[in-house]
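The values are calculated or read from the model by the stated rules, or taken from the named source; none is laboratory data. Source: prediction; values computed, not measured. Every residue, glycine as well, gets a Cβ built from its backbone with ideal geometry; the counts of neighbours run over all protein chains shown.
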Amino acid sequence: MSKSILFTGVQPSGFLTIGNYCGTINRWTEFQKKYLCFFCISDLHALTILPKKSKESLNNRILDTLALYLSCGVDPSKSIIFLQSNVYQHTQLHWILSNFSYFGELSRMTQFKYKVNLNQNSPINLSLFSYPILMAADILLYQTNFVPVGLDQKQHLELVGTIARRFNKRYGNIFTIPSIILNNVGFKIMALQNPMKKMSKSDNNLNNSIFLLDSIDSIRIKLYKSLTDSSNPPEVKYDQYNKPGISNLLVILSSLTGKKISDLEIEFNKCTYQYFKKSLLDILLEVILKIQKSYFFFRKDIHYLYDILRLGAENARIHSEKTLCQVQNILNS
Ligand code: AQP
């Protein structure tokens, strides 16, 4: 029996954060054993917020992201790793699907509204608005069964299902309807200085995010400076509304160790925040330094990285072309 298909990706819009890691990347090796996985580097998506950056800088970010995929355990001999812009079928299907996507539903996307709000003084790119349609093309081209994402992408995924159903209703069962995989813990890691908002790789305040490539000192400083609360005595307890900072740190620790939050609350009962942060720092460094060790090994070998992208694109084109042909045939008939 052939394996189910899983599609996932990251935009090379900055260095990956522990938000990206806890939200989805930490399970990629597990998925790789079960499914035929497509790991995309979504450079076209990154253009929605990087239009002014030079090509070289985007290029470097692509290679950084690829080397991070490898150091997080993605294996090019088992999975298909590719660059979105190398597979033209994505933009082609994007345009076709635009005809099955409504202005109203795109206007309701909270991430779009959030990003518009962040950039109030700049013009809004059309690409930022139609981002979920390109995401629909990415996923539907591969007849994907499963898409692991963090909570911020859940609404987009639901829209992908809506677009696919709309198309199928008119033309028959062309697209597989994908199911979302959401981690039980870590699906929304919050910013360290402002735990009411999501940790993001493109956040202008670097102290809000721990990056997988941060130095030990930087991780230590960011973690120690992270916002907690003034409970007296200190209380390491999950309470998202009254103690968002400590709750966020508990979620990160739970995600990295696999321990339940309720067990961590008992373990750190009556401990100072300083002690709690030190324990989290030890675990964080253990995870991140292991990733960094192989990252620097892979990142040096540019030829190897380009070979992976070349082979990955060839494979991705073969798979995606089948669906695109089917769609084009049905539209032209
Ligand atoms: N803070 C987060 N907590 C949990 N999961 C997260 N993800 C992102 N941030 C968090 C998940 O990581 C995957 C890759 O994200 P993306 O590159 O597609 O873009 P994003 O969701 O917009 O992530 P960022 O880091 O916030 O990027 P920028 O700053 O460029 O917008 C996705 O599965 C996402 O859910």
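A compact table of results
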{"read-out": "Contacts under 6 angstrom Cβ, first residue in segment 198-217 being more than 18 Å from ILE283 (Cβ to Cβ), partner outside any loop (DSSP other than H, G, I, E, B), 6 or more apart", "value": "LYS198/ASP152; LYS201/THR17; ASN207/LYS222"}
{"read-out": "Positions within segment 44-54 being without any contact (Cβ under 8 Å) to a residue 60 or more places away in the chain and within 11 Å of the ligand (Cβ to nearest atom), in sequence order", "value": "ALA46, LEU50"}
{"read-out": "Residue within segment 66-76 that is outside any helix (DSSP H, G or I) and without any contact (Cβ under 8 Å) to a residue 40 or more places away in the chain present", "value": "no"}
{"read-out": "Count of segment 123-155 residues which are in contact with a strand residue (DSSP E or B) (Cβ under 9 Å, 6 or more places away or on another chain), over 18 Å from PHE100 (Cβ atoms), within 12 Å of the ligand (Cβ to nearest atom) and of a type outside the set (Gly, Ala, Ser)", "value": "7"}
{"read-out": "Some residue of segment 86-108 being within 13 Å of the ligand (Cβ to nearest atom), within 21 Å of THR8 (Cα to Cα) and not assigned by TED's automatic domain parsing to the domain that holds ARG220", "value": "no"}
{"read-out": "Neighbours by Cβ (under 7 Å, 6+ apart or cross-chain): first from segment 148-162, over 24 Å from GLU30 (Cβ atoms); second within 13 Å of the ligand (Cβ to nearest atom)", "value": "GLN155/MET109; GLN155/THR110; LEU159/PRO132"}
{"read-out": "Long-range neighbours under 8 Å by Cβ, at least six apart or interchain, first residue assigned by TED's automatic domain parsing to the domain that holds SER230 within segment 246-261, second acidic (Asp, Glu) and surrounded by fewer than 22 Cβ atoms within 10 Å (Cβ to Cβ)", "value": "ILE246/ASP229; ILE246/GLU235; ILE246/ASP239; SER247/ASP239; LEU250/GLU265; LYS259/GLU267"}
{"read-out": "Segment 166-208 - residue that is more than 10 Å from the ligand (Cβ to nearest atom) and among the aromatic types (Phe, Trp, Tyr) and, of those, nearest to LEU250 (Cα to Cα)", "value": "PHE175"}
{"read-out": "Residues being surrounded by fewer than 12 Cβ atoms within 10 Å (Cβ to Cβ) and part of a loop (DSSP other than H, G, I, E, B) - total across segment 85-107", "value": "1"}
{"read-out": "Failed item, numbered, when PHE211 is tested on (1) of a type in the set (Phe, Trp, Tyr); (2) away from the ligand (no atom under 16 Å from the Cβ); (3) not assigned by TED's automatic domain parsing to the domain that holds VAL10", "value": "(2)"}
{"read-out": "Subset of segment 1-27 that is near the ligand (Cβ under 6 Å from one of its atoms) and among the β-branched types (Val, Ile, Thr) - its residue that is farthest from LEU58 (Cα to Cα)", "value": "THR24"}
{"read-out": "Odd one out for LYS260 among (1) at pLDDT 95 or above; (2) over 19 Å from LEU289 (Cβ atoms); (3) surrounded by 14 or more Cβ atoms within 10 Å (Cβ to Cβ)", "value": "(3)"}
